[in-house]
Amino acid sequence: MSDNHTDDSLSAEISPVGYKYGFEEEQPQGQDYLPWHKPRKQWLRYNQWCSAIRTIRPQLRLHERPLSYLSLPGDELLDFRVITNLCGELGVKVKLVGFNDCRSSSNSNSKLVVAKNEVFANDSVFENSDVHPDDFKKISDVDSMAYKFAEQKGPYDVINLDLCGSFSGANQQESYYKATLNLMDLQIQRKIEPWLFLLTTRADKDKVNPADYPLFWRNVRENVAQSTNFKKSIEEHFLATECGMISDPWRHAGQLSSPYFEKLFGLFLGKWLLKIVQTSQRWSMRLLDSYWYRTNHSAGNNPNMLSLAFLFEPIPARLEDPSGLVGAEGLPPAAPDEVSQAIDILNKMNGLCDIDLHLHQNKPELEDAIVKSEELLRKAGYNVASYRQWAMNALPIFSDQQLTITN
Amino acid sequence: MIDKTEQIHDLAEKIRESDIQHPVEEILQTSERVLKRITDGIYRQPSSALRELISNSYDADATKVIIETDSPRFNRMTIRDNGNGFTEEALASLICSIGGSPKRTYSGSSMGVTNKNNSDLSPGGRRLIGKIGIGLFAVAQLTKEFKIITKTKGSDHHLIAHVILHAHSEEDVKTGVKYETGKSRIWKQKADDKKSQGTEIILLNLLPKTKNELSSKDRWLQSQDNFILDEGDKPLSPPKYHIGCVLKSDENKIYKKPSLPWVNSDSSMKKFEKMIKAVIDETGLSAQNPKLEDLLDNYLKLLWTLGLQVPVPYIKNHPFEINGNDNIFVYRVGNNSNSKAEKIELAKRETIAQKIGMEAVGLEKIAGKFDVFVDDIQLFRPLLFNNEHLSEHTIKNSLIFVGKDNANLNNIPKEMRGGELAFEAYLFWQPKVVPVEHRGVLIRINNSNGTLFDETFMKYPISEQTRKNQITAEIYVHEGMDAALNIDRESFNYSHPHYQYLTKWLYNAFRQFATAHKSLGQAKRQDRLLLDASKKSNKLEALVSEKIKCIKSAIDEPIKIEIIREPCVNISSERKKGRFVYKADSILPSPSSKRTTDRKLLDGLFLEKKIKAIAEILASYGVFDNMPFESQEGLLKAIAEILDFEE
């Protein structure tokens, strides 16, 4: 009998599984500029995200507790830095909670750790801030570590899903839809104050799962039947094409050209959230100032990236007299019904501001955004000497037609 | 041989020139002051490693330490503080000379590690816990690979060191290969905020052993129904409070949901407070005193242990902050072999520290704020000083025995003395120590402890098991004892004069406590017995007068029987006056040697009351009419002997 082991079970669990001895290559900090370094993103961080937080701030008891902020901060924690700065200005503390899908020994980790070290050292940052090394989508499973982490740190005043890709996806087990639903469930159970859901998502046709179309459309079709205003508005602004009105947009999605598709996707996302929140009967939802922009900078391209800000507000308890002995006069106004909220979303989605175009036409604001971006990137360890050049080259080119329509 | 200082200087220079693309690589070297195998791990528990890292943060003047894990998965662990951070020199010294810490040396001050005027103090003036610089390498217990990210105030860059430790090989020794403790890669990285400072240690690739221990894997495995046990084995059940566990096949999935004594929305402090309350609330639910081992899983026990060991505040008050309003009896123990514990009366708001001049509270205040958080739970010393668990006990107040000593070691030659020794201590008595792991004495050296409670009271030689089980004691060593601690800080060198002196002091203090406790107990018991006897006599008297009232022939004035002990009283003349007077020895059994206990002494007293009562009844019935006094005495004595009869 040989003494040689054929079974290595005795040595299992002595060393970590798959452990490789040696140093990994470290990724240098602040090397290449990336899409989220563009000035327009910085403009949105300040003028959409921070403004939305300022809007709800008076209704939050931030003298007793920190602002609770959940996001996908990446390795550079750019949004964490901006929100920390805002909280410093507001004189409140902030609990920063992040999801970042990277293994503890991955290359990018040192970058993240240094960033965390810097951001969490700020006096405005609450001690139990943390970045969890898991994919946000894992919150889809209520038995997952990711869900446990989100549950432990929550509820949140701000949930910011700043995606590079699309909120839509094919995997039904783990999806942004399911993860968001689970998170909203936690929010609705535990929150008593308003909260924000900031969502940045690709909205072009090939980024949206066609299997979602009929479900989205069903949500909207109800409103079309309920309200002539809604019907009129959706037909006029979303479904009118050169070939005439589309009666069932998802069945004939191919006929919907950009940017109608993108706006409709935004409307459908809004409607999806609204339908969910309606089931609680305790919350209303509205869309705050929202924006869109384009990932392709060539001349004539339409926006395909939505930057949406949804505000959820508790509906105050309100008694009425069903017998009619006391009239409704003088009672506080009832919460808006679903259709009214849907019309509001529809109108705001129709009026989305094209932030690329806005900055093209407002040079001082563009300049301000460039300066603020430089400042942010410098904090993240970038040598920003070449930034301005890069940023100017990355500005989209507008066709005369696009400029004319706007004017 | 290259001079060590020069080597450190060279490495520090190289670090200054480095960046991420041009890192410095260096072999780890141990100092000759410690064994080279130190990095193989000399600690037994994960809590030891965390304790050492927290102590390092304390020594670096941090006010806050944050430990983060992804419990119960334990794929990651980081320890972050806002302390002074490492300079290039301090980092180079750490790498070039493990165990050759600049702490407690003159070079420590130039590296920003120690105080300019006193190398036993941190730059901010705290008494240093660490001494030889192996604390950081306690992480070898948890992992063989880690990163240090550190920054000093005013610096425009972070220093990052990636360290991989090797395992010691006897083969290398035999073949003459130079043993390397490990290797490191170090680089500088630009920092945004010059003002910030601190150190973060990221433990990479935690060892399976560590993960299993932290997640109480054995406990979970053994609690499974399908776990195969040998005949006679008792399966373990999961503890009442636990963090749950993940699936072995998919670590991202929770297999068992946690059962915690707190809720998520509780504050960091409230969580720890609730854990203590949960343990205390177990008292009385079973015959045994609550045990951490039964109630908490390894992770929660780790929090508890760290709370006891690291220099964090008590959950409520320091024991020397007990005041008159707390209704705890305070005694002061003396330092002589014939000293007796002296009871101290405190005014309502007067504390022990104020009354006796204890320094421990003040020294902790001077050391300043030091908050430690583990996964959103703030650590505290889980010790409460109140009058809990006393309702069933003879003594209705907890007792605290306090003392202090600046040891006089003059009779030991200076070279053998091991320096000065100064300490303060308390022994807190309560009928039940909860949890049982708090029985014994815990020695804090410079505000820190590695040994936990020694339930033998440093091998106190007298059999006092009941009293030993009722005492929680702490000794705060302000000066000395450091040298008596072994390198792992988890055991002592018993032959060191400081340890020997402390042992004797504790024995003496325990003796004083035991004597005072005995006499207090005896007095309390006697008080209680007397009270009981008085209540019983009153009831008996009431019964007799009730019975007499029922006797038709009873005269209006009830007959009073008197039993007298004084020999000089003339019985005959008293009887002639119509009084029923008897001498005690003529009607009561002779005092017996069996009346040794308080209870039996009182039984004897009560027998007298009973005989008196019987005599009054008999007299009221007229039984004594026309009966000579001698016969009366004979009758009563016979009855008394029957009542007193005991086999």
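The values are calculated or read from the model by the stated rules, or taken from the named source; none is laboratory data. This is a predicted model, so every value here is computed, not measured. Please note: Cβ atoms are built from the backbone with ideal geometry, for glycine as well, and neighbour counts cover all protein chains shown. Accessible surface is based on the protein model in full, side chains and every heavy atom, while ligands, DNA and RNA are left aside. Shrake-Rupley method; radii C 1.70, N 1.55, O 1.52, S 1.80 Å.
Quick notes
- Note on the range B:152-167: among residues that are small (Gly, Ala, Ser) and over 13 Å from B:Ile201 (Cβ atoms), the one that is modelled with the lowest pLDDT is B:Ala167.
- Here A:Gly74 passes the criteria (1) in a loop (DSSP other than H, G, I, E, B); (2) touching a residue at least 40 places away in the same chain (Cβ under 8 Å) except the one numbered (2).
- Of the residues making up the range B:60-86, those that are over 16 Å from B:Lys195 (Cβ atoms), facing chain A (nearest Cβ under 10 Å) and not in a strand (DSSP E or B) are B:Asp70, B:Ser71, B:Pro72, B:Arg73, B:Asn75, B:Arg76.
- Options A:Val113, A:Val94: the member that is buried (at least 21 other Cβ atoms within 10 Å of the Cβ) and within 11 Å of chain B (Cβ to nearest Cβ): A:Val113
This table checks each residue for (1) modelled with pLDDT of 85 or more; (2) within 30 Å of B:Glu479 (Cβ to Cβ); (3) more than 10 Å from every other protein chain (Cβ to nearest Cβ); (4) surrounded by fewer than 23 Cβ atoms within 10 Å (Cβ to Cβ).
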| site | (1), (2), (3), (4) |
| --- | --- |
| B:Thr114 | no, yes, yes, no |
| B:Ile129 | yes, yes, yes, no |
| B:Leu142 | yes, no, yes, no |
| B:Thr150 | yes, no, no, no |
| B:Glu170 | no, no, yes, yes |
| B:Val177 | no, no, yes, yes |
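- Residue check for B:Leu485: crowded, with 19+ Cβ neighbours inside 10 Å and either on the phi > 0 side of the Ramachandran plot or touching a residue at least 60 places away in the same chain (Cβ under 8 Å) (or both): no
- For the range A:32-46, the candidate set comprises residues that are in contact (Cβ under 8 Å) with a residue 24 or more places away in the chain and surrounded by fewer than 20 Cβ atoms within 10 Å (Cβ to Cβ); within that set, the residue that is farthest from the other protein chains (Cβ to nearest Cβ) is A:Pro35.
- Within the range B:186-206, the set of residues being of a type outside the set (S, T, N, Q), at the interface with chain A (Cβ under 7 Å from one of its Cβ atoms) and in a strand (DSSP E or B) comprises B:Lys190, B:Gly198, B:Glu200, B:Ile202, B:Leu204.
- Flag for A:Glu174 being within 11 Å of chain B (Cβ to nearest Cβ) and either part of a loop (DSSP other than H, G, I, E, B) or on the phi > 0 side of the Ramachandran plot (or both): yes
- Odd one out for B:Ser448 among (1) of a type outside the set (Asp, Glu); (2) open to solvent by 10 Å² or more (accessible area, probe 1.4 Å); (3) modelled with pLDDT of 90 or more; (4) over 20 Å from B:Ile322 (Cα atoms): (2)
- Qualifying residue in the range A:47-65 (condition: farther than 26 Å from A:Asp135 by Cα, under 16 Å from the mean Cα position of the chain (by Cα) and open to solvent by 30 Å² or more (accessible area, probe 1.4 Å)): yes
- Residue match in the range B:225-245 (condition: surrounded by fewer than 17 Cβ atoms within 10 Å (Cβ to Cβ), under 30 Å from A:Gly22 (Cα atoms) and modelled with pLDDT of 70 or more): no
- Pick from the range B:611-642, criterion open to solvent by 80 Å² or more (accessible area, probe 1.4 Å) and either aliphatic (A, V, I, L, M) or in a helix (DSSP H, G or I) (or both), ranking: nearest to B:Phe580 (Cα to Cα): B:Glu630
- Breaking point among (1) within 12 Å of chain B (Cβ to nearest Cβ); (2) open to solvent by less than 60 Å² (accessible area, probe 1.4 Å); (3) out of contact with any helix residue (DSSP H, G or I) (no Cβ under 9 Å at 6 or more places or on another chain), for A:Gln189: (2)
- Inter-residue pairs, beta-carbon under 7 Å, first more than 14 Å from chain A (Cβ to nearest Cβ) and in the range B:361-383, second polar (S, T, N, Q) and outside any strand (DSSP E or B), 6+ apart: B:Glu364/B:Asn447; B:Ala367/B:Asn447; B:Gly368/B:Thr63
- Neighbours by Cβ (under 9 Å, 6+ apart or cross-chain): first from the range A:142-153, more than 7 Å from chain B (Cβ to nearest Cβ); second assigned to a loop (DSSP other than H, G, I, E, B) and of a type in the set (Asp, Glu): A:Ala146/A:Asp134; A:Ala146/A:Asp135; A:Tyr147/A:Asp141; A:Phe149/A:Asp134; A:Phe149/B:Asp70; A:Lys153/B:Asp376
- Members of the range B:390-428 found to be part of a loop (DSSP other than H, G, I, E, B) and within 27 Å of B:Ile356 (Cα to Cα), listed by number: B:Leu390, B:Ile395, B:Lys396, B:Asn397, B:Ser398, B:Ala407, B:Asn408, B:Leu409, B:Asn410, B:Gly419, B:Glu420, B:Leu421
- Residues satisfying the criterion are absent from the range B:260-277 (criterion: under 21 Å from A:Asp141 (Cα atoms) and basic (Lys, Arg)).
- Helices (runs of 4 or more DSSP H) contained in the range A:314-398 and holding at least 3 residues surrounded by fewer than 12 Cβ atoms within 10 Å (Cβ to Cβ): A:387-393
- Residue count for the range B:247-268, restricted to those that are open to solvent by less than 30 Å² (accessible area, probe 1.4 Å) and either facing chain A (nearest Cβ under 10 Å) or in contact with a Gly (Cβ under 6 Å, 6 or more places away or on another chain) (or both): 2
- Check on A:Asn128, more than 10 Å from every other protein chain (Cβ to nearest Cβ) and under 30 Å from B:Leu207 (Cβ atoms): no
- None of B:Asn406, B:Asn410, B:Asn397 is touching a Phe, Trp or Tyr at 6+ places or on another chain (Cβ under 7 Å), open to solvent by 10 Å² or more (accessible area, probe 1.4 Å) and not β-branched (Val, Ile, Thr) except B:Asn397.
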